[in-house]
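First the structure, in the form of structure tokens, and then the observations on it.
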Amino acid sequence: MNPVCLAGPTGCGKTAAALAIAEVLPVEIISVDSALVYRGMDIGTAKPTAAEQAAVPHHLIDILDPTGSYSAAEFVRDAKRLASDIAARGKLPLLVGGTMLYFKALFDGLSTLPQADAELRAAIDAEALERGWPALHAELAAIDPETAARLAPNDSQRIQRALEVIRLSGRTMTDLHAASRDDGVDWPLFSLEPTDRAWLHERLALRFDQMLDAGLVDEVKALRARGDLSLALPSMRCVGYRQVWESLDANEGLEPPGLGHAQPALRGDPGSLGRPGAPWADLRERGIAATRQLAKRQVTWLRSMPRRRVIACDGPQPIPELLAGLQRLLNA
């Protein structure tokens with residue numbers, strides 16, 4: 001069977017939709033998520049539960065220690081290999097996730113980008129320390145507006161890489177990616193997207209609350225306790241983890257009440273830690289804001305992919321609509 005892709009912003013219901021597909025079709029799921037690759041990061045990544053992973057085979061989950069990194073090139077290599085293996089078993093390879101850089105690399109092909117240059121990266125970091133990442137983002141926007149439009153002004157890792165590529169090669173990432181489009185795949189893409197932004201914002205707020213209730217702070221505390229992780233690593237810069245880590249730095253030695261259980265103070269409810277300016281009071285606000293910004297960037301990426309078949313995730317019956325569209329595709 002030819003592979004099928006399912007994308008969408010965080011919180012749109014991709015996991016539920018994928019499991020619904022698995023109930024009616026013989027599928028194996030390939031995760032397209034740069035956070036799910038990490039072991040020990042379960043709550044803040046909304047990783048599929050053990051029961052969900054037992055119900056249908058999942059791939060590219062828990063394949064890496066948080067000290068490591070996983071590039072778009074590695075994802076494309078692994079996804080193509082897995083898709084071929086799954087199809088050979090007579091099953092449908094279903095690629096599901098929200099890391100749009102991975103999808104773009106898969107569809108457009110991989111260009112030959114210059115290798116990282118430690119000295120240049122250190123120079124860019126020094127510039128950022130002096131001028132701020134938003135200023136470097138503005139510099140990037142003047143040279144490569146298409147790449148800059150997909151990045152948040154404080155997305156230090158990707159801004160640094162985009163500027164590094166320009167300074168090493170004299171060409172933008174947009175130009176280099178365009179030169180390799182013939183290497184991409186032509187797999188169909190279904191996209192779960194909200195028609196009402198407020199609908200998604202409510203879900204994202206609830207989602208972050210549920211993560212706090214499930215023990216996100218404890219999870220980050222355990223990761224910090226290892227002693228070999230820091231905010232310099234891609235894993236710890238994931239949305240949610242970064243905000244909790246920063247709160248732990250700012251409030252060292254101060255435990256939020258209800259840690260690992262219901263945490264009313266983190267939600268701004270009445271209580272000593274729920275008052276404005278109190279320790280931890282802004283964690284929930286910052287976490288939700290960062291998640292909304294992530295979702296906005298994901299939708300921006302999706303809108304640049306004309307191949308996608310849009311399903312309104314806030315519509316009356318998104319999963320039946322998705323299943324019907326998938327059946328039409330497979331029967332064509």
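Coordinate-derived values only; no laboratory data. Note that this is a predicted model, so its numbers are computed, not measured. Here the Cβ is made from the backbone with ideal geometry for all residues, glycine too, and neighbour counts use every protein chain on show.
Highest mean packing first, where packing is the average number of other Cβ atoms within 10 Å per residue, the peptides 67-78, 200-211, 47-58 line up as 200-211, 67-78, 47-58.
With 0.36 nm allotted per residue and the present C-alpha distance subtracted, the Asp78-Val310 stretch has 80.9 nm of extension available. Measuring from centroid to centroid over Cα atoms, what is the spacing of segment 119-194 and segment 20-96 in Å? For segment 119-194 versus segment 20-96, the Cα centre distance is 26 Å. Counting lysine pairs in the chain that sit 8 or more residues apart in sequence, or on different chains, and whose Cα atoms lie under 17 Å apart gives 5. The dipole here belongs to segment 28-98: it is taken about the Cα centre, uses +1 on the Cβ of Lys and Arg and -1 on the Cβ of Asp and Glu, and is about 240 debye.
Note on the chain: with charges restricted to the Cβ of Lys and Arg (+1) and Asp and Glu (-1), its dipole about the Cα centre is near 660 debye.
The convex hull built on the alpha-carbon positions of segment 1-155 has an orientation-averaged projected area of 10.7 nm².
Here the average projected area of the convex hull drawn through the C-alpha atoms of segment 118-175 stands at 3.4 nm². When you restrict to C-alpha pairs under 8 Å that are six or more residues apart and normalise by the size of the chain, the relative contact order lands at 23 percent. Directionally averaged projected area (the chain, Cα convex hull): 17.9 nm². The mean sequence distance of close C-alpha pairs (under 8 Å, at least 6 residues apart), as a share of the length of segment 118-175, puts its relative contact order at 33 percent. Shown in residue order for segment 53-59 are the 3J(HN,Hα) couplings computed by the Karplus curve 6.51 cos²θ - 1.76 cosθ + 1.60 at θ = phi - 60°: 6, 6, 6, 8, x, 10, 10 Hz (x for Gly and Pro).
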